Amino acid sequence: MYSHADLAKLQSQSLKMQGHIRQRTFSPEMEKTLRRFSSWEVAELIFKINPSTLRGRLAADPSLPQGLVEEDGRQRWYSLDEINELRRKLRIKNQPLMPPRPAGKRAIRAAIANFKGGAGKSTVALHFAHAAALDGYRVLCVDFDPQATLSHSMGLSDVAEEFTVWGIMARDLTRETERMNNAAAGAESGTALPRRKLPASVTGMGLSDLRVTDFIKPTSWPTIDLVPSCANAAFVEFASAQYRHLNPEWSFFAAVSRYLDALPDDAYDMVIFDCPPAIGYQSMNAVFAADVLYIPSGPGYWEYDSTTSFIGQLSEALEDLGRFPGALPDGATPEKMFADVRFLLTRFEPANDLHRAMQSAFGQVFKSHVTQHPIEMTRAVEQSGRFLSSIYEMDYRQMTRETWRRARMSFDRAYDEFRATLLGAWDKLED
Ligand SMILES: Nc1ncnc2c1ncn2[C@@H]1O[C@H](COP(=O)(O)OP(=O)(O)OP(=O)(O)O)[C@@H](O)[C@H]1O
Ligand SMILES: [Mg+2]
């Protein structure tokens, strides 16, 4: 017979193992570090220019960052900061290398969501964040999933639970309740409105004093920050139900959206949400805050079946928000409008007839909502995952070059389409 204590023992053994893996994989300080990128990668894959053009520019201007030369070879290797400096300083054929970003608008937000477990959400979120950062964008990721896959793969494994989406929600509850109470007291008829009192277990956490930036952690990528999750945050769903009960007029689904609205418009370019495999308080916050909904799905029939239920249930949950009793503080309607919705096939094998048949079924049903470029099934994801890394973080010399290149091309094509979708959505955003 086994109790919760036995499960806890099994978990602690496993955590020890995870610690060993991190120690072997990351630097001796157990901190994840970002590799340098070769001049071949910088020219051909990142700036998409001729390597000889880049060499010529660097030779002509010694004030440009020159990278490090590897001991045995001729290649130079650049840090992401150096790459970004080159991006700011160079113009090629009179064109800047900076990626497009509409002026005067806030960062664009995309939720990678599907309640099907293992659909590839975290893999897609991680790879899109890395591709976007290599493309010159400043990225904020929000990990909404208490499995914390994205946080762990970004090197954040010791996070206190108050600095997760749960902290953001509890902070929002206290602040919103205070705002409602003040509004009630200020109004002429204020005395008629009930004042909500939150228990000390919520107000005593001191969350309402936390600044917006307190929830944001740096990662090993200088232009990617993260609002992390942690395994202890699994209770959020229970806590949120209780919070709703404490103040039924609290627009619980808009907490993260309000939080992100408080960031300066120019702090980031893209915000990417990794969602849990469930429709609940956390994923509703992700979806409500998102401008674009990106739905990854495996290429099998049951995944298609499950993706179909997901959009049905999400639609019902969003429709329910329309019956929300309170008003949103800025007078906005709780009717959620997305600038775009896309389905992305993952773990796709181009030579597999069944996968191709599913791809065409997706196309027939969801039409232009299906992305052109699925993400291919590749051993490179498994291999890089063993090093707690994305394919972008893996040094191509550590794998068969062809395997690395094929995988990278597949993610690059999917990212290019993602970027085009976000640029289209950005146009639709009000200033
Ligand atoms: N393109 C790919 N090629 C090979 N393996 C992949 C690919 N994409 C994802 N995987 C593997 O599939 C598994 C599930 O992927 P992932 O964790 O990204 O899914 P998820 O939707 O985030 O899962 P969860 O619902 O549990 O959050 C992982 O082991 C991952 O390494
Ligand atoms: Mg995941």
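E393 satisfies every condition listed in (1) open to solvent by less than 40 Å² (accessible area, probe 1.4 Å); (2) near ligand 1 (Cβ under 9 Å from one of its atoms); (3) touching a residue at least 60 places away in the same chain (Cβ under 8 Å) except (2). Taking region 125-155 as the range and being away from ligand 2 (no atom under 15 Å from the Cβ) and either among the aromatic types (F, W, Y) or more than 30 Å from P102 (Cα to Cα) (or both) as the test, the residues that pass are Y137, G155. Which of (1) away from ligand 1 (no atom under 16 Å from the Cβ); (2) at pLDDT below 95; (3) over 24 Å from M205 (Cβ atoms); (4) in a helix (DSSP H, G or I) is the odd one out, the single condition G155 does not satisfy? For G155, the failing item is (4). For region 132-150, the criterion of a residue being surrounded by fewer than 22 Cβ atoms within 10 Å (Cβ to Cβ) and among the polar types (S, T, N, Q) is satisfied by at least one position. When E376, E430 are screened for being acidic (D, E) and at pLDDT 95 or above, only E376 passes.
Residue by residue, here is whether (1) in a loop (DSSP other than H, G, I, E, B); (2) over 20 Å from A110 (Cβ atoms); (3) within 16 Å of ligand 1 (Cβ to nearest atom) holds:
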site	(1), (2), (3)
V341	no, no, no
S360	no, yes, no
E382	no, yes, yes
D412	no, no, yes
A420	no, no, no
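Within region 233-275, track down each residue that is within 16 Å of ligand 1 (Cβ to nearest atom) and open to solvent by 10 Å² or more (accessible area, probe 1.4 Å). Of everything in region 233-275, those that are within 16 Å of ligand 1 (Cβ to nearest atom) and open to solvent by 10 Å² or more (accessible area, probe 1.4 Å) turn out to be A234, E237. Scoring P329 on the criteria (1) over 30 Å from E31 (Cβ atoms); (2) at pLDDT 95 or above; (3) not charged (D, E, K, R) leaves a single failure, condition (2). Candidates are the residues of region 276-322 that are under 28 Å from S151 (Cβ atoms) and among the acidic types (D, E); the one that is nearest to ligand 1 (Cβ to nearest atom) is E303.
The values are calculated or read from the model by the stated rules, or taken from the named source; none is laboratory data. Quick caveat: nothing in here was measured; it's all calculated off a predicted structure. Glycine gets a Cβ as well: all are built from the backbone with ideal geometry, and neighbour counts include every protein chain shown. Keep in mind that these areas ignore ligands, DNA and RNA; they rest on the heavy atoms of the full protein, side chains included. Shrake-Rupley method; radii C 1.70, N 1.55, O 1.52, S 1.80 Å.
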